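Before any comments, here is the structure.
A short reminder: the numbers here are calculations on the coordinates, not readings from a lab. This one's a predicted model, so the numbers in the text were calculated from it and none came from an experiment. For neighbour counting, all protein chains shown are included, and Cβ atoms are generated from backbone atoms with ideal geometry for every residue, glycine included.
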Amino acid sequence: MAHPDAWLDEVHPSPYAEQLAQGFRALRFGPALEREYRVYVLQDSLVLKRIALSVAMVLWLAFAALDFVMVQGPQVWGMLGVRLVVFALLAICAWPMFRRDCLRLTLPLSLLCILALGVGAALVVGIAHRADPTYPYEGLLLISMGAYFLIGLRLGEAAGCALLVLLSYVAAELWAGLATPQLINNCVFLLFSNLIGAVGCYLLEFKSREHFLISRLMRILADHDSLTGLNNRRSFNRQFERLRRQAQREGRSLALLLCDIDHFKAYNDCYGHQAGDGVLQQVASLLQAVGRRPLDMAVRLGGEEFAVLLYDIGHKEARQRAEVLRSSLEQLGIRHERSDTASMLTMSIGVACFLPGGEGGFAQLYEHADRALYEAKAFGRNQVVA
Ligand SMILES: Nc1nc2c(ncn2[C@@H]2O[C@H](COP(=O)(O)OP(=O)(O)OP(=O)(O)O)[C@@H](O)[C@H]2O)c(=O)[nH]1
């Protein structure tokens, strides 16, 4: 039976596959992936954080109403004062949290809100316990569980907040003069609840990290050809439109090289399909070398047809690059005794260009390059037509 992680071989080398194979029990990736994951978590939990903040504000007001019912005496005004300050702080945090461009602020604001709720609740309990030691303290549990499960914090952040809330509670109870056995009992209860929260939060974060890595790998698998590792037609179609718009915006040109190996059927028939696969991989490496800048793109369109999209390159230079590509395959000297064109494997290339300010879309550029490729084949193969 195949090893359950055998599929990772298909996406090697990839930092996501390597991290998945290495494991992440300490809930930490390598520095670059860790940065990417943190941005992903922030984006992913933004809606959750907004909902949690709205619910917290409503509940906080409901608890304020409950204070009125449960506590008779002047302390209620102190409790309400604390509730009011915390509510005002939540309202101030809510404003940037609901703006579109708030991503940078969401983590510090979430931490501030949960700490304000926790320390505020501990203070309210302390004020109440000075007069009535039977006043419930379990609201603190809700806040700790919210930190662990509700607002999309990572384990370290959630546990840090819950610990500070617990310490504030102890300080408030010492100030209130709560009997030591009751304080110990309450603290043990809160500590055990924190333990359960931390274990649950660890498992959630572990799954979230695993999901992050697997979803990135799935995207790579969906966008790349498994034999050559080049982009496939689907990602080419999608990214072409993005690059075309960028080229138009920046007044740059865009060149498309359509490449087709000559007499590849005959090569397969003569040397076998596996040797043919090896050749496709070698050709892919040549294409990658030609389209190696960040905005270039090397693609396997299907079978023995490839494309290279070159950003910010004019007609003349595109033709030169195509010529380099054609001759680099020739120079590999892969024997092809059944070729009518040459004694070695060759390819034909059609070139077309989008010039700044030019009209037309993908279909038009592709049609021009395809026509040029057809001519290269018709004129005898192993050549570039632009
Ligand atoms: N080894 C291998 N062969 C493939 C793969 N995909 C497609 N092919 C083969 O590529 C060949 C393409 O043949 P044709 O379309 O007739 O083209 P050609 O023989 O190169 O002829 P010209 O393009 O006119 O020079 C077919 O024999 C396909 O079986 C692949 O993944 N691996």
- Message: Can you give me the long-range amide H partners of residue 301? Hydrogens built in the peptide plane at 1.01 Å from N, cutoff under 5 Å, separation of 5 or more residues or another chain.
- Response: 306, 307
- Task: Quick one: compute the contact order of region 322-370, relative version, from alpha carbon pairs under 8 angstrom and 6+ residues apart, as a percent.
- Result: 29 percent
- trypsin sites (Lys or Arg not before Pro) lying in DSSP loop within region 19-103, provided at most 15 other Cβ fall within 10 Å: 25, 28, 99, 100
- Item | Within region 233-385: Cβ-based charge dipole about Cα centre, in debye rounded to nearest 20 (Lys, Arg +1; Asp, Glu -1) | 500 debye
- Cα lying deepest toward the dipole's positive end in the chain, options 373, 160, 333, charges on Cβ: 160
- Taking placed amide H atoms and a strict 5 Å upper bound, the residues 5 or more places from residue 296 or on another chain that come that close are 311
- Student exercise, the chain dipole from Lys, Arg, Asp, Glu Cβ charges, in Debye to nearest 20: 820 debye
- Sort 368, 336, 315 so that the residue with the fewest other Cβ atoms within 10 Å of its own Cβ comes first and the one with the most comes last. 315, 368, 336
- Note on the structure: Within the chain, excluding any chymotrypsin sites (Phe, Trp or Tyr not before Pro) found in a DSSP loop (not H, G, I, E or B) and having at most 16 other Cβ atoms within 10 Å, the longest uninterrupted segment runs 99-378
- Query: Under the definition of Cα pairs under 8 Å and six or more residues apart, what whole-number percent is the relative contact order of the chain?
  - Reply: 13 percent
- Query: Which ³J(HN,Hα) values in Hz, rounded to whole numbers, follow from the phi angles of region 334-343 under the Karplus curve 6.51 cos²θ - 1.76 cosθ + 1.60, where θ = phi - 60° and Gly and Pro get x?
  - Reply: 6, 4, 9, 6, 9, 7, 7, 8, 7, 7
- As straight-line cross-link partners of residue 265, the qualifying aspartates and glutamates (C-alpha separation under 17 Å, not fewer than 8 residues apart within one chain) are 277, 304, 305, 337, 340
- Query: Say the dipole of region 6-221 comes from +1 at the beta carbon of Lys and Arg and -1 at that of Asp and Glu; which of 87, 97, 27 then lies farthest toward its positive end?
  - Reply: 97
